[in-house]
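The values are calculated or read from the model by the stated rules, or taken from the named source; none is laboratory data. The structure presented is a predicted model; accordingly, all values stated were derived computationally and were not measured. Here Cβ is always computed from backbone atoms with ideal geometry, including for glycine, and neighbour counts include all displayed protein chains. With ligands, DNA and RNA removed, areas are computed over all heavy atoms of the protein, side chains included. Shrake-Rupley method; radii C 1.70, N 1.55, O 1.52, S 1.80 Å.
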Amino acid sequence: MNNDKIWLSSPHMGGNEQAFVQQAFDTNWVAPLGPNVSGLEQDLEKYLGEEVHVGALSSGTAAIHLGLILLGVKAGDEVICQSMTFSASANPILYQGAIPVFIDSEADTWNMCPVALEEAIKDRISKGKKPKAIIPVHLYGVPYKIDDIRKVADQYNIPILEDSAEALGSSYKGRKCGTFGDVSVLSFNGNKIITTSGGGAIVTKTKELKNRAVFFSTQSRDNAPHYQHSEIGYNYRMSNICAGIGRGQMEVLDKHVQARRDMHDFYVKAFENIDGVTVFDVPNGDYFPNFWLTSIVINPAKTKGGKTREDFRIFMETLNIESRPLWKPMHLQPIFSVYPYYGTNVSETLFDDGLCLPSGSNMTQNDKDRMLEAIKVFFG
Ligand SMILES: *Cc1c(COP(=O)(O)O)cnc(C)c1O
């Protein structure tokens, strides 16, 4: 067995990426626009399969920022955000000078709790401010409670900015994640389900809204022969080189989703007879996750010898295997802890006991054998 590092999730090329990039060089489209950018947008629109419009951007974070701008979020506004997530879900709220209000997870999907959400909305309204937007996240590719969150959002007439950065290829009741928001967001960072080396996209319901996002992303240039600006601009458009990588990746997306789902099956089997370890799974058949990362929860009260998730993480580190605690909730982060939080500490417990395992679509048999051996030796 070789002892190369086993990564949580590493880039996995399909084969045609370089051909698209070569084409960009051959035609001198080495710029933040060009045929690959439009091509990737069309590929994504076709893939998402709803009446949506896609704008390719430099990152998922940029897409969230522009999403907030499209939804009219301004300085001093409040924006509701899932607490257990990557910081990029919340940072753009601060870019806008707005105030994040964090919501706990529920135990079924680990995503935004609809009960805590409604409680927060009522309380914020009673304090004199109706939140401007809601940012729920499909963590690890598992869809949030789509129907319940939508019901609360509609009841109070607040738009949803769907953070689907981890969930390209996931679906709920047969509809693709990335189509559930009033505005939605995808990421193609190096460790995501597909990569453009770095990149993201905004998904909108109308062509006008997409055009508006692209306008902002290319420095908000008014229609004039000289450089004329009436609004704040950003440099957030995707490069035609990166988009070429994305076009190659789109050809293998479904194959890679299947491979990640197979990794989840692999771990379910591997932990089948191990006390105190639960492999995170979906509540029912309505949920079709891409299982971007397979995660486990270790209950030290039930493991042999009281082993914790931190013990397991450190043990795997000695074997050159990467694993990582679940996202640390935003309301526990030094930079965000001053903002309001609503919930019952579900996400805290998950953070204490949860661990993400290597889940790449490019894991080899040798990698899997090493994982099995690690599990066997550690849990006895
Ligand atoms: C990766 C990620 C983002 C940010 O995407 P980038 O393309 O890295 O900027 C946002 N939200 C979540 C939940 C993510 O996992």
Discussion item. Please determine whether any residue of segment 216-232 is out of contact with any Phe, Trp or Tyr (no Cβ under 6 Å at 6 or more places or on another chain) and surrounded by 19 or more Cβ atoms within 10 Å (Cβ to Cβ).
Written reply: no
Residues of segment 70-103 being within 16 Å of the ligand (Cβ to nearest atom) and open to solvent by 10 Å² or more (accessible area, probe 1.4 Å), in sequence order, are Phe86, Ser87, Ala88, Asn91, Leu94, Tyr95, Gln96
Going through segment 365-375 in order, the residues found to be under 20 Å from Arg261 (Cβ atoms) and in contact with a strand residue (DSSP E or B) (Cβ under 9 Å, 6 or more places away or on another chain) are Asp367, Met371, Ile375
Counting only residues that are within 19 Å of Phe86 (Cβ to Cβ), open to solvent by 50 Å² or more (accessible area, probe 1.4 Å) and either β-branched (Val, Ile, Thr) or more than 9 Å from the ligand (Cβ to nearest atom) (or both), segment 168-213 contains a total of 1
Across segment 160-193, the tally of residues that are touching a helix residue (DSSP H, G or I) at 6+ places or on another chain (Cβ under 6 Å) and part of a strand (DSSP E or B) stands at 8
With criteria (1) more than 30 Å from Ile232 (Cα to Cα); (2) open to solvent by less than 10 Å² (accessible area, probe 1.4 Å), Glu118 comes up short on (2)
| said: Against the condition in a loop (DSSP other than H, G, I, E, B) and more than 16 Å from the ligand (Cβ to nearest atom), how does Glu231 come out, does it pass? | reply: yes
Quiz item: Quick check: anything in segment 266-285 touching an Asp or Glu at 6+ places or on another chain (Cβ under 9 Å), of a type in the set (Asp, Glu) and at pLDDT 95 or above?
Solution: no
The residue from Glu41, Glu51 that alone is among the charged types (D, E, K, R), in a helix (DSSP H, G or I) and under 24 Å from Lys205 (Cα atoms) is Glu41
